[in-house]
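Enquirer: This is the structure I have questions about; it appears just below.
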Amino acid sequence: MVMTKRGLVLGATAAMLTTVAVTGAGLHLSQSQAFFRESPKELVDEVWQIINQQYVDGTFNQVDWQAVRQEYLDRSYEDKQEAYQAINQMLDQLDDPYTRFMDPEAFKNLQIDTSGELTGVGIQIALDEETDYIRVVSPIEETPAYEAGILARDLIVAIDGKSTKGMELNDAVNLIRGKPGSNVTLTIQRREQEFDYEITRARIEVHPVKARLHETRQGGEIGYIRLNQFNSNAAQEMRTAIQEFEEKSVQGYILDLRSNPGGLLQASIQISRMWIDEGKIVSTVNRQGEVDAQRAKGNALTDQPLVVLVDGGSASASEILSGALQDQERAVIVGTQTFGKGLVQSVRGLGDGSGLAVTVAKYLTPDGRDINEEGIAPDVVSEISEAEQKALQRDRTQIGTLADPQFSEALSVLKQEIAKQNNSSQVGVSQ
């Protein structure tokens, strides 16, 4: 999930980590001025008004939104639970899984997604519109779900034996969450087979950046940086890694965004500026047109050749970064098609402690590409088999080594890019 400082959220999906954490730094939400007070109907109308003013599609996905207001305000509500139910019914008519109401508990969970301290199994999930089940966006490395063998794009068809078909995302989150040390069984459908995974919940500390030097057979060194998510620590850890590699005069970089489900938008922009010296990074467009464009600031940390690894679990902020690097011809993208989530949600706190996420815009790459449901296509396609992926999960020390087929491909591409740069430099000297 991607959040701006103003409360905009660009989700990899309409998902939250199936974990609980302390409040995440950098999460700023606009608090509603209309309070719940004694009338549940006030809350229903408040939600309607927010949608009416902010929703990305002025036709409300071909829904007569004025008629919806009349229908739901003509009702009587005995308590807030009836109001919550009515709000969900009202939003269902938009047929937009990313515009959703959150009761106070679910809203609290949303606010802690990017803190870096998690409790749960360590996966990000989404509603799958085609099957009506819950889909795994990505397992987080070094978490119980990852170690159990859960893969990006797995379908969760049952949680502790309860079918997830038609299940609300918040309900799935609440079923998967639980106390550290307790177990949850996820029934996974992968292709045509189903598997039961019994996973023990745990407290998880997520360090977003892992970096190491890789010495090539030719004697040179390249910097390998794996970014697991864009949380509040990601930009500073990335800056430190690049600066340390620059001091060691590496010849180039491999930036690994595989299975990175996203995070803070501001982190993706800051990290983009570390690699891109000039030009646009990302823009957001609402129903009135472009409302925001973020650009590089001429303070990139390196101009060395760069290869970026992506896969189907690379989503949201990962797609902003890889899309910017690709469009600005700053990097070669290697791997497989990314997840494809380019919608922007604005998250608001409501008067009774509940919350509302509203699709208010979409984001575009520097070349104006709308990647929603399309993703970023790699420049060099490099597949990995399920067996190879599982082998890497069993022994994570092999990720980013020559035992990692996609890393090997990225390294081959990087060597070509380094050679091109060296040849260009030599030509420049001879002239």
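Enquirer: Residue check: is S316 closer than 22 Å to R258 by Cβ, of a type in the set (S, T, Y) and modelled with pLDDT of 95 or more?
Expert: no
Enquirer: Identify, please: which residue in segment 237-254 is assigned to a helix (DSSP H, G or I) and of a type outside the set (A, V, I, L, M) and is, among those, farthest from T359 (Cα to Cα)?
Expert: So the residue we want is E247.
Enquirer: Sort out which residues of segment 231-240 are touching a Leu at 6+ places or on another chain (Cβ under 9 Å) and modelled with pLDDT of 90 or more, and write them in order of number.
Expert: A234, A235, E237, M238, R239
For (1) within 23 Å of the chain's Cα centre (by Cα); (2) part of a loop (DSSP other than H, G, I, E, B); (3) modelled with pLDDT under 85; (4) surrounded by 18 or more Cβ atoms within 10 Å (Cβ to Cβ), each residue gets a yes or a no:
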residue	(1), (2), (3), (4)
V184	no, no, no, yes
Q189	yes, no, no, no
E194	no, no, no, no
E198	no, no, no, no
A211	yes, no, no, yes
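Yes/no per residue for (1) over 14 Å from T216 (Cα atoms); (2) in a helix (DSSP H, G or I); (3) modelled with pLDDT under 95:
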| residue | (1), (2), (3) |
| --- | --- |
| E374 | yes, no, yes |
| E383 | yes, no, no |
| K390 | yes, yes, yes |
| Q393 | yes, yes, yes |
| Q406 | yes, yes, no |
| S412 | no, yes, no |
| Q421 | yes, yes, yes |
| V429 | yes, yes, yes |
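Enquirer: Out of L411, L356, L392, L343, I need the residue that is in contact (Cβ under 8 Å) with a residue 12 or more places away in the chain, of a type in the set (A, V, I, L, M, F, W, C) and in contact with an Asp or Glu (Cβ under 8 Å, 6 or more places away or on another chain). Which one?
Expert: L392 is the lone residue from the list that is in contact (Cβ under 8 Å) with a residue 12 or more places away in the chain, of a type in the set (A, V, I, L, M, F, W, C) and in contact with an Asp or Glu (Cβ under 8 Å, 6 or more places away or on another chain).
Enquirer: Of L175, L213, L227, which residue is under 20 Å from T338 (Cβ atoms) and among the aliphatic types (A, V, I, L, M)?
Expert: Just a single option satisfies the conditions, and that option is L227.
Enquirer: Residues that are charged (D, E, K, R), under 18 Å from the mean Cα position of the chain (by Cα) and surrounded by fewer than 24 Cβ atoms within 10 Å (Cβ to Cβ), at least 3 per element: which strands (runs of 3 or more DSSP E) completely within segment 255-337 meet that?
Expert: none
Enquirer: Follow-up. All but one of (1) surrounded by 13 or more Cβ atoms within 10 Å (Cβ to Cβ); (2) free of Cβ contacts under 8 Å to residues at least 60 places away in the same chain hold for S249; state the number of the condition that does not hold.
Expert: (1)
Enquirer: Another question, if that's okay. Given the conditions (1) surrounded by fewer than 23 Cβ atoms within 10 Å (Cβ to Cβ); (2) part of a strand (DSSP E or B); (3) modelled with pLDDT under 90; (4) among the aliphatic types (A, V, I, L, M), and given that I123 satisfies all but one, which numbered condition is not satisfied?
Expert: Of the numbered conditions (1) surrounded by fewer than 23 Cβ atoms within 10 Å (Cβ to Cβ); (2) part of a strand (DSSP E or B); (3) modelled with pLDDT under 90; (4) among the aliphatic types (A, V, I, L, M), the odd one out for I123 is (1).
Enquirer: For the structure I just gave you, tell me whether V347 is part of a strand (DSSP E or B), under 15 Å from L265 (Cα atoms), of a type in the set (A, V, I, L, M) and within 19 Å of the chain's Cα centre (by Cα).
Expert: yes
Enquirer: Only one of S163, S182 is outside the structural domain of Q398 (by TED's automatic domain parsing), in contact with a Lys or Arg (Cβ under 6 Å, 6 or more places away or on another chain) and polar (S, T, N, Q). Can you tell me which?
Expert: Unique residue meeting the criteria: S182.
Enquirer: Follow-up. Please count how many residues of segment 61-75 are farther than 17 Å from E46 by Cβ and part of a loop (DSSP other than H, G, I, E, B).
Expert: Result for segment 61-75: 4.
The values are calculated or read from the model by the stated rules, or taken from the named source; none is laboratory data. Source: prediction; values computed, not measured. A quick note on method: Cβ atoms are made from the backbone with ideal geometry, for glycine too, and the neighbour counts reach across all protein chains shown.
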